[in-house]
Amino acid sequence: MAGSVEGIGARVQRREDKRFITGKGRYTDDMTVAGMAHAVFVRSPHAHAKVVSIDADAARAMPGVIAVLSGQELVADGVGNLICGWMIHSKDGSPMKMGAWRALESEHVRHVGQAVAVVVAETRAQARDAADAVEVEYEPLPAVVDALDALKDGAPQLHEEAPGNLIYDWEIGDAAATEAAFASAAHVTRMEIRNNRLVPNPMEPRAALAQYDEADEHYTLWTTSQNPHVARLVLSAFYNIAPEHKLRVIAPDVGGGFGSKIYIYPEEMVCLWASKKTGVPVKWTCERTEAFLTDAHGRDHYSEAEMALDAQNRILGLRVKTVANLGAYMSLFSSSVPTYLYATLLSGQYAIPAIHCNVKTVYTNTVPVDAYRGAGRPEATYLLERMMETAAREVGMDPAEFRRANFIRSFPHQTPVIMCYDAGDYDASLEAALSAIDYAGFAARKAEAARRGKLRGIGLSCYIEACGIAPSQAVGSLGAGVGLWESAEVRVNPVGTIEVLTGSHSHGQGHETTFAQLVAERFGVGLDTVAIVHGDTDKVQFGMGTYGSRSGAVGMSAIVKALDKVEAKAKRIAAHLLEASEGDIALEGGTFKVAGTDKELPFFQVALAAYTAHNLPAGMEPGLKEGAFYDPTNFTFPAGTYVCEVEVDPETGRTEIVDFVAADDFGTIINPMIVEGQVHGGLTQGIGQALLENASYDADGQLLSASYMDYTMPRADDVPSYRLMTTVTACPGNPLGMKGCGEAGAIGSPPAVMNAITDAIGTNALEMPATPQAVWAALKAARPAQAAE
Ligand code: MCN
């Protein structure tokens, strides 16, 4: 069915959009149960303070108030502290220094917005009024928000367990080999690079509805989760809410996550606990500013990087020192982001013989930082691709040529930082992008722009990422607390319709469409006969959810394994019914056919036969349902080249992206339209980071950009009409040859934009976000005479 209107490669419109664009989506906040009450959290206005007292008497007496609960009761009831699920050891062998994080803090708050108590009331308005009436006395302490400041002597200390605010001091690579590479270098490029802190901003804010059934001692939690099974596991095994079989977690329609809904936050825990404590179902829906103050943030790195080149401009070595701000507490996967998801990608698309990277992570009085679209890989790509462009400029070589001269060309390629790339063709994507943008014609376009008073620049980014983090045994040996496989179950019903239960979770990625396309392709059935079931721990046995662009490469591979089993059994039944040998049976266009004859049976008749069980091969069990677990043997490595062309107005510093070309290699593509949508979204998020977005704190730890008035999300008129293309090298590691596409745009685009702007303005002294003010100031500093006053 390849090339068919519904199978692999077809531009099928997203089936789920029918409900999303007609207002029929069912999100957590849409859920209601009888007797439901509402929770509002009392949050710290201080970035750092001792909690002296909490007086809730007045609040308890207010209309509709059912309970006001605090951290002391939570601890007394044995609810566990929040965990970090990936153990990192410092280079001296000591384990990471983790401070306690309570879902409700009753002694010592460490960031603005940290919850100290919760009010449960009959209506949300009543709960909010009562939350305002809870009197909390704080003793403010000095705060620190910048990671470098937090490491200084005399800095405010956040956790006793982490002296000097240092969580771990980790390294990767060969320090001595890298030292030797620098000793023999003909040229060394040095840069200080900051990766700005971002707020994820999914369209739907987080929400939870928890219901405790006293008769069965059973909990149900509807929540905005990217991985409901992991949520259930953590809530059971670590937070002591209930054993797994007494807790059902449902993540219904979820309006985006971008990583921020991987984690199990205090609010979900508290709603579950409060539902038992109060005897009523408890719902909480996050408000937008509350989301800015509580959703895990992303990025926030400061790095010093050095690149050593030989006389022929071949890279000899890369040395990086990074300080990563993890905020006030260690979020669920925070420790893995600046280590195994970042430093392992520092080789990029290049043959770099020696790399050494040191990473220090620190506590500050800011919102916890964790994975956000790309998670570590955008930070690595930004650092490396800014370095590549800068090194090329310094040695007077064309940046495209410099990259080409250093590309990896033979696979598998073992980098000096763990990753072993399985396949790729970096020349192909570079050539495709350069030709599409008319790289050779840039000088003429720059001259023409200059005549209009505009500064035109061009910037490249040749990114690589690692998706489908795996295999479980390997990540376990590196400190992961979970396995990273995926599961699937394929149920063929007696009438031949098919339900696919998957452990992946779709919250904008279109799985209900692409996963069904896979089944349609495989069995030659119509898409409308296939249902994709996900997001409910009572339906799907287990799954690891969706993050790290894994659902295609890992989730769909599990489905392929289950389909293999179903097909094998169905063929045995067909062979039996058609009185043919099993090896002669082929499944074509929804029909089992006997080779060389006109004997055939439609798919649905074989399904029916499996369930009537009137005439099955001897000893065969009735039914047609199979499950599979798939554990990949390696990551997949999507890669590509992005080229950005900008015009800067020297009068205002405003940047206009006049052209943007993205040439990506995602291996086999299931649905080009969905992939393009994913790239559009990723590019826009990356451009937002480069031009507009920043979680900006003042010195006291107040988040200044905690609303859409202040945190400038990109709008349609901030981004160009992207020009997308793909090149294909199939991933050898999974049965479909797929590589992930969900994060590429956000990973590859920021350096392309910044390389273009710095090319236009002729100075490298510019950090993200390149706001008009920042660009104008950089221009003025570099060319005081020319910059407009
Ligand atoms: N696909 C395809 N061909 C490929 C690769 C993928 O057709 N070669 C399809 C897949 O079948 C799937 C979609 O593209 O329908 C994305 O697949 P994949 O790259 O495997 O990513 P995931 O489904 O695992 O999604 C996770 C990824 C991540 S990590 C973030 S963050 C992110 C993203 O997806 N968050 C998103 N895209 C998002 N899109 C929306 N709308 N909302 C989010 O929160």
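Just so you know, all these numbers are worked out from the coordinates, no wet-lab data involved. Remember, predicted model here, so these are calculated numbers, not experimental data. So basically every Cβ, Gly included, is an ideal-geometry build from the backbone, and we count neighbours across all protein chains shown.
Structure summary
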{"item": "The range 249-334: GluC sites (Glu not before Pro) in DSSP loop, at most 15 other beta carbons within 10 Å", "result": "E287"}
{"item": "Cα-based Rg of the range 28-181 normalised by 2.2 N^0.38 Å, two decimals", "result": "1.38"}
{"item": "Footprinting exposure proxy for S4, S106, S721, S44 (fewest neighbouring C-beta atoms within 10 Å first)", "result": "S721, S4, S106, S44"}
{"item": "Semi-axis lengths, Å, the range 213-292, gyration tensor of Cα atoms, sqrt of 5 times eigenvalues", "result": "21, 15, 11"}
{"item": "Those lysines that a straight Cα-Cα span of less than 23 Å connects to K24, excepting residues fewer than 8 apart in one chain", "result": "K261, K283, K539"}
{"item": "Counting all C-alpha pairs of the range 602-664, share separated by more than 17 Å (%)", "result": "71"}
{"item": "Pairs of alpha carbons in the range 102-198 whose separation is greater than 21 Å (percent)", "result": "62"}
{"item": "Approximate shape of the range 431-475 as ellipsoid semi-axes (Cα gyration tensor, √5λ), whole Å, largest first", "result": "40, 12, 5"}
{"item": "Local electrostatic count at A628 - Lys and Arg +1, Asp and Glu -1, tallied over other residues with Cβ under 14 Å", "result": "0"}
{"item": "When the convex hull of its Cα atoms is projected in every direction, mean area for the range 518-599 (nm²)", "result": "6.8"}
{"item": "Relative intensity, log₁₀ I(q)/I(0), of the range 656-789 from a Debye sum that treats every alpha carbon as a point, q = 0.10, 0.11, 0.20, 0.21 Å⁻¹", "result": "-0.43, -0.51, -1.14, -1.20"}
{"item": "Packing-based exposure ordering (other Cβ within 10 Å, fewest first) of Y697, Y372, Y722", "result": "Y722, Y697, Y372"}
{"item": "Reciprocal of mean inverse Cα separation for the range 91-143 (Kirkwood radius, Å)", "result": "14.0"}
{"item": "Ellipticity estimate at 222 nm from DSSP helix runs (n ≥ 4, -39,500 (n - 2.57)) divided over the chain, nearest 500", "result": "-8000 deg cm²/dmol"}
{"item": "Shape box of the range 736-785 [Cα atoms, principal axes, largest first, Å]", "result": "58, 16, 11"}
{"item": "Loop trypsin sites (Lys or Arg not before Pro), the range 1-73, which have at most 13 other Cβ atoms in a 10 Å radius of their Cβ (DSSP)", "result": "R11, K24, R26"}
{"item": "Dimensionless Rg over Rh [the range 433-520; C-alpha; Kirkwood]", "result": "1.29"}
{"item": "Two-decimal ratio, the chain, of alpha-carbon radius of gyration to 2.2 N^0.38 Å", "result": "0.99"}
{"item": "Mean shadow area of the range 503-550 over all directions, Cα convex hull, nm²", "result": "3.7"}
{"item": "Histogram of C-alpha separations across the range 271-341, 5 Å bin width, %", "result": "3, 11, 13, 12, 13, 12, 9, 7, 6, 4, 3, 3, 2, 1, 0"}
{"item": "Sparsely packed trypsin sites (Lys or Arg not before Pro) within the range 423-524, loop by DSSP, other Cβ within 10 Å at most 15", "result": "R452"}
{"item": "Gyration tensor over alpha-carbon atoms, the range 300-439, equivalent ellipsoid semi-axes in Å", "result": "29, 16, 15"}
{"item": "Relative contact order [Cα under 8 Å, 6+ residues apart], the chain, whole percent", "result": "16"}
{"item": "5 Å binning of all Cα-Cα separations within the range 512-665, expressed as whole percents from 0 upward", "result": "2, 7, 13, 14, 13, 11, 9, 7, 6, 4, 3, 3, 2, 2, 1, 1, 0"}
